[in-house]
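The values are calculated or read from the model by the stated rules, or taken from the named source; none is laboratory data. What you see is a predicted model; the values in this text were computed from it and never measured. Methodologically, a virtual Cβ is constructed for each residue, glycine included, from the backbone with ideal geometry; neighbour enumeration extends over all protein chains shown. Note: areas computed on protein heavy atoms with side chains; ligands, DNA, RNA excluded. Shrake-Rupley method; radii C 1.70, N 1.55, O 1.52, S 1.80 Å.
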Amino acid sequence: MTQDFFFGHADWIGSPTANKDSFFVVRGHFAIQNPKEVTLSVLGLGFFKCYINGVCINPDTFLPLSSDYEAGCDPKDEVLSGHRVYVPSYDIRNYVKKGDNVIALHFGGGWYTCRHRVFGIPKAIWRISVLEENGTYDFCSDESCRIGQSYVSEYDLTAFETHNYLDFPNCLDPAFDDSTWETAECVPPLETEYDKTDCPPDAHIASLAPRKIGSSARGTLYDCGENTVGYPTLRISAARGEQISVYFSEEMTSNGELDAAHCHRQRFSVISDGKECVVQPQFTWFGFRYFEVVGNAEPIEVKVVHANVPVTSTFSCDNKTLNWLYKTFLHTMLCNLHTGHPSDCPHLERRGYTGDGQLTCHAVLSTMDARALYQKWLQDIADGQDTLSGHIQYAAPYIRSGGGPGGWGCAIVEVPYQLYLHYGDPQILEKYYTHMRRYIDYLEAHSEFGLVTADKEGEWCLGDWCGPVILYPDKDITAHNQQVLLPAPMVNTYFMVKSLQRLCDIARILGKQEDISEYKEKAEQRKNAIRAAYFNAFDGNFIMNVQGANAFAVDLGLGNQKTYANMVAYYKKLGHYDTGIFATDIVTRVLFEHGDAELAIDLLTGNGDQGFEHWRQNGATTLHEYWDSNRSRSHNHQMFGSPVAYFFEYLLGIRQTPDTVGYTSLVIEPMAVSKFTHMSGSMQTPNGIVSVKYEKKDGRIVFNVHIPPRTPAVFKYNDRELVLSEGTNSLAFSSV
């Protein structure tokens, strides 16, 4: 859609003195009489807050949604496939009055002017459409508007925000006289596609009551009780010119101070005008558990702010580790849903890494109503594809980042495929099919001897990521170069084969049978290359069975009868993970798929240094970036949480009947492993809620299974198969 569709004859406006670091308030007047409808389409780049007659109509949001806003922001960038900006619209009938009305837009910062990729200077546009008895007419932004400097004086989206209230007028008050302000100037329009979206924006989701835990040399320390995302609201009682600052950290030191290694430069500051007031950040959020207030201020509450995505699942059992992992994954994931994309962490980078996002996509869609957000993010992935080479970026929306050609770029296949499996709409596959094919061509062009060996020139070419430190007498092999043990070409070729296998299915669904033989042939060629390069037929291992290598192979149907047996024996002896983000997921799933649920649970609940129980016992309330928490820059990374999907798919046994999608037909086949005496859980499907509950008692196991309407289902347990009816079904078996 074009600018005219949303904004008619409105102009983009800004300040003659603007630079990328500026924040502004622009004001316009409009008069109405007896409106039946009043709608507003509005944009302020980077983020904006819009006020109608002094009332904010979009509180606690960071709009517009992140995207690749327009072309030409960096001459070094690849030629991306698309550029778009998402336009929010509002019904403002209840905000306006008869006679003169004032719209004020506070804008700047955000992803549009972020230091990692600067698109341009702050600018704004709006269109107010009024329906009255005598017709329809518009009020639009133009050069008649007045513009003034904001009180935001220092800003970095990923680190800090400063407000300077000295001599700052209350320009958001509709009675404010803006006649002395400069006149806004028209600025060039965006070269982009304009779009609307149903993707949920950020919102004030909950409030925490911070607890005072002591004093430091410079201020007062508070604990939120959990690692979270958002910001505190402060009541300030300070002298004129006094600066109040709040510093944030995920951790405390043993000396009772904020841990500098986990502060990530995060700071919110206010220069007081001497009047008592309540303040909060307006254009950024923070990731933290602890904060320190320096100056004459006290926190009222901590606002938890993230995308308004509801949790639509439940899970509980008699194991603390699994209960913790389920709850902590949800919390970590929500902390990382902002501005329309899933991020790696809510503080350091905040980027929509395609590796992290595709890895946890299945778990998120199984536990939350995140369909609209992932559909929007998928468009970001496609928009970022290089039109010349077919390369898929490591982060979407695009910011120059690091990653690899398999676990990252294959998101263009995996994310739409997961959306299709969960919701059953083939249009999502049709829309991105050409993008998928182009990426397969890219991987072909970066291969040697059948293996994916390179990525675009000058960039990383990772395989797995964030594996544990492997100690040797003379050196440490860390996550950056752990491919010495698990070669990146094997990992990236694995992902290419998986994508080709997905494409065989996708081509069949879309009626493109002529493409299937090509995909099958390419997949076989790649599997043969993996076998030739990495398989030892003598002992049945791939790369000595290190860091999940055998699991990668088994998942592709490679190896011999020893390969899987070696993997099982190895992990039974080891007792914990030795894997990075991708292998952790694959090892866990392959064990469940082969019926070794007991071993999968031992890994998921083991107390080794590479394990979730280790994090739980050390008080973690969010998942960490590395197994070794001391190495982790971030203690709020979602990527290791992907196995939560298998709580539902295997432990509860909620699976789709083969060759069906959208949960229209179910097979309920729980894996009631010996470690548990009871378990229950539920998930939302397009037809309704499906739930499974069991309890072992007196040598029997009793299941209660709820099946939603219009959903054929069978129950499988101990070689028995029973047809389930709609509603609640109770079944009892011997548990011996």
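Points to keep in mind about this one:
- For ALA372, the conditions (1) surrounded by fewer than 24 Cβ atoms within 10 Å (Cβ to Cβ); (2) touching a strand residue (DSSP E or B) at 6+ places or on another chain (Cβ under 8 Å); (3) among the aliphatic types (A, V, I, L, M); (4) assigned to a helix (DSSP H, G or I) all hold with the exception of (2).
- Looking only at residues in segment 619-650 that are among the acidic types (Asp, Glu) and either assigned to a loop (DSSP other than H, G, I, E, B) or at pLDDT below 95 (or both), the one that is farthest from ASP464 (Cα to Cα) is ASP628.
- Residues being open to solvent by 10 Å² or more (accessible area, probe 1.4 Å), assigned to a helix (DSSP H, G or I) and closer than 22 Å to PRO489 by Cα are entirely absent from segment 447-464.
- Any pair with Cβ under 7 angstrom, 6 or more apart, that starts in segment 139-164 at a residue that is farther than 28 Å from PRO35 by Cβ and open to solvent by 20 Å² or more (accessible area, probe 1.4 Å) and ends at one that is part of a strand (DSSP E or B) and among the small types (Gly, Ala, Ser): ASN164/SER153
For every residue, the table says whether it meets (1) assigned to a helix (DSSP H, G or I); (2) closer than 19 Å to LEU65 by Cα.
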residue	(1), (2)
LEU365	yes, no
LYS376	yes, yes
HIS391	no, no
GLY407	no, no
ILE412	yes, no
HIS422	yes, no
ASP425	no, no
LYS431	yes, no
ILE440	yes, no
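- Selection within segment 180-192: residues that are within 17 Å of PHE24 (Cβ to Cβ) and out of contact with any Phe, Trp or Tyr (no Cβ under 8 Å at 6 or more places or on another chain). The member of this set that is most open to solvent (accessible area, probe 1.4 Å) is THR180.
- Any hit, segment 211-218, residues being closer than 19 Å to TRP285 by Cβ and assigned to a strand (DSSP E or B): no
Rundown of residues vs (1) over 22 Å from VAL497 (Cβ atoms); (2) touching an Asp or Glu at 6+ places or on another chain (Cβ under 7 Å); (3) modelled with pLDDT under 95, yes/no style:
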| residue | (1), (2), (3) |
| --- | --- |
| HIS347 | yes, no, no |
| CYS361 | no, yes, no |
| LEU365 | yes, no, no |
| ASP369 | yes, no, no |
| LEU373 | yes, no, no |
| PRO397 | yes, yes, no |
| ARG400 | yes, no, yes |
| PRO405 | no, yes, yes |
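- The single residue among ASP383, ASP344 that is surrounded by fewer than 24 Cβ atoms within 10 Å (Cβ to Cβ) and in contact with a Phe, Trp or Tyr (Cβ under 7 Å, 6 or more places away or on another chain) turns out to be ASP344.
- SER207 touching a residue at least 40 places away in the same chain (Cβ under 8 Å), touching a helix residue (DSSP H, G or I) at 6+ places or on another chain (Cβ under 7 Å) and small (Gly, Ala, Ser): no
- All of (1) within 25 Å of the chain's Cα centre (by Cα); (2) among the hydrophobic types (A, V, I, L, M, F, W, C); (3) outside any loop (DSSP other than H, G, I, E, B) hold for VAL309 with one exception: (3).
- Only listed residue being under 24 Å from ASP156 (Cβ atoms) and in a helix (DSSP H, G or I), chosen from ASP380, ASP344: ASP380
- Those residues of segment 528-553 which are assigned to a helix (DSSP H, G or I), in contact with a helix residue (DSSP H, G or I) (Cβ under 9 Å, 6 or more places away or on another chain) and not β-branched (Val, Ile, Thr), in sequence order: ALA529, ARG531, ALA533, TYR534, ASN545, ALA549, ASN550, ALA551, PHE552, ALA553
- Of the residues making up segment 488-527, just one is in contact with a Leu (Cβ under 8 Å, 6 or more places away or on another chain) and assigned to a loop (DSSP other than H, G, I, E, B), namely LEU510.
- Leading residue by the ranking (farthest from HIS594 (Cα to Cα)) among those in segment 651-670 that are open to solvent by less than 20 Å² (accessible area, probe 1.4 Å) and in contact with a Phe, Trp or Tyr (Cβ under 7 Å, 6 or more places away or on another chain): GLY662
- Within segment 627-645, being of a type outside the set (Gly, Ala, Ser) and surrounded by 23 or more Cβ atoms within 10 Å (Cβ to Cβ) holds for TRP627, HIS635, ASN636, HIS637, GLN638, MET639, PHE640, PRO643, VAL644.
- Matching residues in segment 255-282 - criterion: being aliphatic (A, V, I, L, M), within 18 Å of PRO299 (Cβ to Cβ) and touching a Phe, Trp or Tyr at 6+ places or on another chain (Cβ under 8 Å): LEU258, VAL270
A quick yes/no check of all residues on (1) modelled with pLDDT under 95; (2) in a strand (DSSP E or B); (3) among the small types (Gly, Ala, Ser):
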residue: ALA10; (1), (2), (3): no, no, yes
residue: SER41; (1), (2), (3): no, yes, yes
residue: PHE48; (1), (2), (3): no, yes, no
residue: ASP74; (1), (2), (3): yes, no, no
residue: GLY82; (1), (2), (3): yes, no, yes
